[in-house]
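Below is one structure, written out as structure tokens; the observations come after it.
The values are calculated or read from the model by the stated rules, or taken from the named source; none is laboratory data. Worth saying up front: this structure is predicted, and the values here are computed from it rather than measured. Neighbour counts are summed over all protein chains in view; Cβ atoms, including those assigned to glycine, are modelled from backbone coordinates with ideal geometry.
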Amino acid sequence: LNRRLAEFGTTIFAEMSALAAATGSINLGQGFPDTDGPEEIREAAVRALRDGRGNQYPPGPGVPELRTAVAEHQRRFHGLSFDPDTEVLITAGATEAIAAALLALVEPGDEVIALEPYYDSYAACIAMAGGRRVPVTLRPVDGVYRLDLDELRDAVTDRTRLILLNTPHNPTGTVLGREQLAAIAELAVERDLLVVSDEVYEHLVFDGEHLPIASFPGMRERTITISSAGKTFSFTGWKVGWITAAPALVSAVRSAKQYLTYVSAGPFQYAIAEALRLPDSYFDGLRDELRAKRDLLSTGLTDAGFAVYRPAGTYFVTTDIRPLGESDGFAFCRTLPERCGVVTIPNAVFYDHREQGAPFVRFAFCKRESVLKEAVERLSKLR
Ligand code: PMP
Ligand code: GLN
């Protein structure tokens, strides 16, 4: 492994899912639903396969049906208008969108600001692009994670190229509010920065609302918005993602994307085009179901003795293990399968300042109610 990637051996998600399989534990580590997305959308994928739509290389920017559906979705939910031909790019999941955006836009030595704790692929992709990551830490205050805007402002230097934003935020479940986003937008405009905004959990907000930073003054032309079908439609294995941005930015990201995968997932692109047009009741239903699961797991973890940071969005709840008399999240997660048959993720892996993340552990609640109940039952024996 070369020097750029030396510190990124195996992702924590692969490691922990393998541990769950090996020990037969309940896997509340890697964030994927244990129930597949809508039957009618699976049927749409089967139809596309059978009818020969997308079985050969689809167009580089993505099939026109899906690009149009993405543009319609951005207008319907966020009031943003994008030209499907020049301002939408289909990618192999959000993961490729993040990689292609960073590879296309970062010069070696450029600084990239990311909210810490950050999703693991950010650090690896910044490194692959030859950039330097500059973490700005979300800090737990009175039971919620907060972004200190002064710290963010202080992190910007003459070498800063872009801010890599993530709201709703993995792993803390923080949803950035209007005032915070407005301040970030002002900073980006003032310092002439790009923003790459990872909004894969845009439909999973339980308290408050999701606001795309692209909708703030001056941001439409400097934001690359990323989303994905994985979380919104419970098809994490299909790897259909997209970006929306101004033509010059889409064109830049497409240049990198061409040489990463060229194209992907032809038949699934047609199916996701249909999914994006599902009625509001689908999106509301998914959110309400996950809210109930958030509540079930948060309450269960509190009763089991964890200090719980109640998430406003996402699939995840972050907890503090210190009330259980533990302080090392890594050790806790490694021994949890044998102690009680549950797998989780140590938040320290999402930090440069690992000591800051040490006592925190992330649980995924995108699982069937019966599975969550069983997990809570097992965890309640820890005390
Ligand atoms: N960004 C965040 C914040 C995520 O949690 C994930 C994991 N689902 C991704 C990106 C990757 O998305 P995808 O599966 O579409 O590649
Ligand atoms: N996004 C998922 C999570 O945070 C993991 C996806 C992956 O394994 N790359 O758990």
Given (1) within 16 Å of ligand 1 (Cβ to nearest atom); (2) within 21 Å of the chain's Cα centre (by Cα); (3) hydrophobic (A, V, I, L, M, F, W, C), number of the condition residue 41 does not satisfy: (2)
Filter result (out of contact with any helix residue (DSSP H, G or I) (no Cβ under 9 Å at 6 or more places or on another chain) and outside any helix (DSSP H, G or I)) within the stretch 236-259: 246
Close pairs from the stretch 314-339: first under 28 Å from residue 207 (Cα atoms), partner among the polar types (S, T, N, Q) and surrounded by 15 or more Cβ atoms within 10 Å (Cβ to Cβ), Cβ under 8 Å, at least 6 apart: 314/170; 315/170; 316/170; 316/172; 317/298; 318/172; 318/347; 329/347
Selected residue [surrounded by 12 or more Cβ atoms within 10 Å (Cβ to Cβ), out of contact with any Ser or Thr (no Cβ under 8 Å at 6 or more places or on another chain) and under 22 Å from residue 237 (Cβ atoms)] from 39, 72, 15: 15
Number of the exception - residue 29 against (1) within 16 Å of ligand 2 (Cβ to nearest atom); (2) at positive phi: (2)
First in the stretch 2-18 and within 11 Å of residue 349 (Cα to Cα) and in a helix (DSSP H, G or I), second anywhere and of a type in the set (A, V, I, L, M) and within 16 Å of ligand 2 (Cβ to nearest atom), Cβ under 9 Å, 6 or more apart: 12/345; 12/349; 13/345
Subset of the stretch 233-282 (residues that are among the polar types (S, T, N, Q) and closer than 19 Å to residue 58 by Cβ): 244, 251, 255, 258, 261, 264, 269
Odd one out for residue 262, checked against (1) in contact with a Pro (Cβ under 9 Å, 6 or more places away or on another chain); (2) away from ligand 1 (no atom under 16 Å from the Cβ); (3) not in a helix (DSSP H, G or I): (1)
Residue, farthest from ligand 1 (Cβ to nearest atom), within the stretch 57-109, restricted to residues that are outside any loop (DSSP other than H, G, I, E, B) and in contact with a Gly (Cβ under 6 Å, 6 or more places away or on another chain): 90
Matching entry among 213, 226 (being under 17 Å from the mean Cα position of the chain (by Cα), within 16 Å of ligand 2 (Cβ to nearest atom) and modelled with pLDDT of 95 or more): 226
Any hit, the stretch 338-361, residues being of a type in the set (D, E, K, R) and within 16 Å of ligand 2 (Cβ to nearest atom): no
Set 273, 304, 245: member being within 21 Å of residue 82 (Cβ to Cβ), modelled with pLDDT of 95 or more, among the aliphatic types (A, V, I, L, M) and out of contact with any strand residue (DSSP E or B) (no Cβ under 8 Å at 6 or more places or on another chain): 273
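Each row is one residue, and each column tells you yes or no for (1) under 12 Å from residue 224 (Cα atoms); (2) among the aromatic types (Phe, Trp, Tyr); (3) in contact (Cβ under 8 Å) with a residue 60 or more places away in the chain; (4) assigned by TED's automatic domain parsing to the domain that holds residue 356.
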position: 79; (1), (2), (3), (4): no, no, yes, no
position: 83; (1), (2), (3), (4): no, no, yes, no
position: 88; (1), (2), (3), (4): yes, no, yes, no
position: 93; (1), (2), (3), (4): no, no, yes, no
position: 97; (1), (2), (3), (4): yes, no, yes, no
position: 103; (1), (2), (3), (4): no, no, yes, no
position: 112; (1), (2), (3), (4): no, no, no, no
position: 118; (1), (2), (3), (4): no, yes, yes, no
Any hit, the stretch 130-139, residues being in contact with a Phe, Trp or Tyr (Cβ under 6 Å, 6 or more places away or on another chain), within 23 Å of residue 250 (Cβ to Cβ) and modelled with pLDDT of 95 or more: no
Qualifying residues in the stretch 208-235 (those that are away from ligand 1 (no atom under 15 Å from the Cβ) and part of a helix (DSSP H, G or I)) - the one farthest from residue 100 (Cα to Cα): 215
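At least 2 residues that are of a type in the set (A, V, I, L, M) in each: list the helices (runs of 4 or more DSSP H) lying fully within the stretch 279-358 that qualify. Show your work before the answer.
Values: elements: 280-303, 329-340, 354-357.
Fully inside the stretch 279-358 and qualifying: 280-303, 329-340.
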Residue 151 being over 16 Å from the mean Cα position of the chain (by Cα) and either assigned by TED's automatic domain parsing to the domain that holds residue 227 or within 16 Å of ligand 2 (Cβ to nearest atom) (or both): yes
